[in-house]
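Below: the structure, in structure tokens.
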Amino acid sequence: MRIVIAGGSSEVDYLIKLLKKRHHQLIVINKEREYCEYLSTANEMSVFFGDPSRKYTLEDAGIANSDVIVALSANDAENLVICQLAKRCFGVKKAIAILRNPKNVNVFRNLGVNTAFSASMLIAQTIEKLSIVDELVQSLSIEDEKIVLSEIKIAADAAVGGRALRELDPPVNFIVSCIFRDPEVVIPNGSTTIRPDDKLVIVSTPADQEAILAFLQKKADHA
Amino acid sequence: MKRDKILVIGLGRFGSGIAVRLSLSGEDVIAIDKDDDSFRKLADTYSGYQLVGDVLDVDILENAGIRQAKTVIATTDDDNVNIMVAEIASRIYGVQEVFLRLVDQDKAVLIESQNVHPIFPYLLSMAEFDRIRGPKGGESR
């Protein structure tokens with residue numbers, strides 16, 4: 001993919017290294033001259049010095065038809081202009097903005113920039129998800145939080161232990177996408193049996209998440 | 001809900017001048033700037049409201065009464081802020097008349113709409129230059 005990174009400070013260096021490792025083609029634009037020089041030397045690549053909220057800067061940097069632009073400015077208005085110019089004038093397919101003010105996430109969505117995030121919003125969501133239950137190891141929202149991936153460990157005395165997936169009678173629908181059964185990874189079908197200490201990766205809607213966790217953690221009556 | 005307020009955002013010389021003029025003509029004006037000091041530019045004849053705050057926070061715009069605004073005028077010294085305010089006013093709050101000052105004409109494509117009127121100091125200066133120089137200047141070219 002061709003990815004444009006516009007603005008930003010300390011996080012840019014990390015992003016460049018991460019994305020380069022995955023062999024993406026990068027265009028980096030920053031309006032701090034010294035930081036441009038540092039990024040350029042540290043990553044052995046050319047970095048464009050200029051204001052990414054100016055049309056001519058984006059043009060000079062050659063961002064036309066890139067797959068993604070990431071706007072990382074500390075000023076949310078600048079991020080809006082960067083994303084909109086990239087999409088409307090240069091045919092960039094997707095614009096992602098990292099915002100300073102979490103309230104602007106909704107504003108950006110209303111103004112056509114659908115993938116806007118703020119660090120404080122992500123932190124709040126993470127804390128919320130972690131605190132639902134202790135056994136919930138990890139949880140990840142995708143597709144605008146319409147789908148959630150949960151990783152849950154099956155306890156030794158869980159009622160579902162020893163039963164095949166097709167024998168379960170869950171209160172809501174969900175999909176077990178894979179099972180970590182040290183050292184192997186099992187892609188399950190209906191006849192796969194759940195064992196204690198299995199780690200299940202579950203796909204569900206956020207609304208059903210709690211009910212599913214309660215179901216999988218229910219202790220066996222006769223235990 | 002009755003929409004009768006006018007929000008003037010960014011009190012440089014231009015914004016302050018407009019705020020005072022509209023207030024004198026009897027309009028219900030709310031002047032907003034992130035800097036407390038800016039309000040000194042408002043003449044004594046200004047009788048509207050004054051609000052200190054960052055307009056990139058929608059709560060400030062709501063407190064200022066953007067839902068009851070018939071007109072929003074964005075005249076901060078930052079083109080990007082003026083664009084964002086203009087978009088929020090026209091597209092989210094349905095304000096019927098929005099003005100904004102834009103130094104960079106390239107950005108006008110982002111706010112093209114029937115209700116949004118950009119003002120370009122560059123174009124105005126060029127027009128004034130041509131007017132003062134007159135047709136004579138044209139001949140000598």
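The values are calculated or read from the model by the stated rules, or taken from the named source; none is laboratory data. On a predicted model such as this, the values are computed, not experimentally measured, just so you know. Glycine also receives a Cβ, built like all others from the backbone with ideal geometry; neighbour counts cover every protein chain displayed.
Quick look at the values:
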item: Test: residue in segment A:205-220 that is over 19 Å from residue A:140 (Cα atoms) and β-branched (Val, Ile, Thr); result: no
item: Contacts under 9 angstrom Cβ, first residue in segment A:104-115 being in the same structural domain as residue A:92 (by TED's automatic domain parsing) and farther than 17 Å from residue A:69 by Cβ, partner among the β-branched types (Val, Ile, Thr) and surrounded by fewer than 16 Cβ atoms within 10 Å (Cβ to Cβ), 6 or more apart; result: A:107/B:92; A:110/B:92
item: Options B:81, B:55; residue that is β-branched (Val, Ile, Thr) and in contact with a Ser or Thr (Cβ under 8 Å, 6 or more places away or on another chain); result: B:55
item: Enumerated helices (runs of 4 or more DSSP H) restricted to segment B:58-141, each holding at least 3 residues that are away from chain A (no Cβ under 14 Å); result: B:121-140
item: Among (1) within 14 Å of chain A (Cβ to nearest Cβ); (2) over 18 Å from residue A:77 (Cβ atoms), the one test that residue B:31 misses; result: (1)
item: Residue among B:127, B:108 that is farther than 19 Å from residue B:19 by Cα and loosely packed, with under 13 Cβ neighbours inside 10 Å; result: B:127
item: Segment A:182-194, subset assigned to a loop (DSSP other than H, G, I, E, B) and touching a Lys or Arg at 6+ places or on another chain (Cβ under 7 Å), residue nearest to residue A:161 (Cα to Cα); result: A:194
item: Selection count, segment B:1-10, where residues are at pLDDT below 95 and under 23 Å from residue B:77 (Cα atoms); result: 0
item: Residues within segment A:94-131 that are assigned to a helix (DSSP H, G or I) and either at the interface with another protein chain (Cβ under 10 Å from one of its Cβ atoms) or closer than 26 Å to residue A:56 by Cα (or both), tallied; result: 6
item: Given (1) under 15 Å from the mean Cα position of the chain (by Cα); (2) surrounded by fewer than 17 Cβ atoms within 10 Å (Cβ to Cβ), number of the condition residue A:98 does not satisfy; result: (2)
item: Subset of segment A:131-147 [at pLDDT 75 or above and of a type outside the set (A, V, I, L, M, F, W, C)]; result: A:146
item: Total residues in segment B:31-52, condition part of a helix (DSSP H, G or I), more than 16 Å from the chain's Cα centre (by Cα) and of a type in the set (S, T, N, Q); result: 0
item: Given (1) without any contact (Cβ under 8 Å) to a residue 60 or more places away in the chain; (2) closer than 23 Å to residue B:96 by Cβ; (3) not in a loop (DSSP other than H, G, I, E, B), index of the condition residue B:55 fails; result: (3)
item: Condition met for residue A:26 (assigned to a helix (DSSP H, G or I), away from chain B (no Cβ under 14 Å) and buried (at least 16 other Cβ atoms within 10 Å of the Cβ)); result: no
item: Given (1) at pLDDT 85 or above; (2) exposed (fewer than 14 other Cβ atoms within 10 Å of the Cβ); (3) outside the structural domain of residue A:25 (by TED's automatic domain parsing); (4) small (Gly, Ala, Ser), number of the condition residue A:161 does not satisfy; result: (2)
item: Residue match in segment A:148-158 (condition: outside any strand (DSSP E or B), at pLDDT 85 or above and of a type outside the set (A, V, I, L, M, F, W, C)); result: yes
item: Among residues of segment A:168-218, those that are more than 26 Å from residue A:144 (Cβ to Cβ) and loosely packed, with under 12 Cβ neighbours inside 10 Å, counted; result: 9
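Each row is one residue, and each column tells you yes or no for (1) of a type outside the set (Val, Ile, Thr); (2) away from chain B (no Cβ under 14 Å); (3) out of contact with any helix residue (DSSP H, G or I) (no Cβ under 7 Å at 6 or more places or on another chain); (4) over 30 Å from residue B:59 (Cβ atoms).
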{"residue": "A:19", "(1), (2), (3), (4)": "yes, yes, yes, yes"}
{"residue": "A:22", "(1), (2), (3), (4)": "yes, yes, yes, yes"}
{"residue": "A:50", "(1), (2), (3), (4)": "yes, no, no, yes"}
{"residue": "A:69", "(1), (2), (3), (4)": "no, yes, no, no"}
{"residue": "A:89", "(1), (2), (3), (4)": "yes, no, no, yes"}
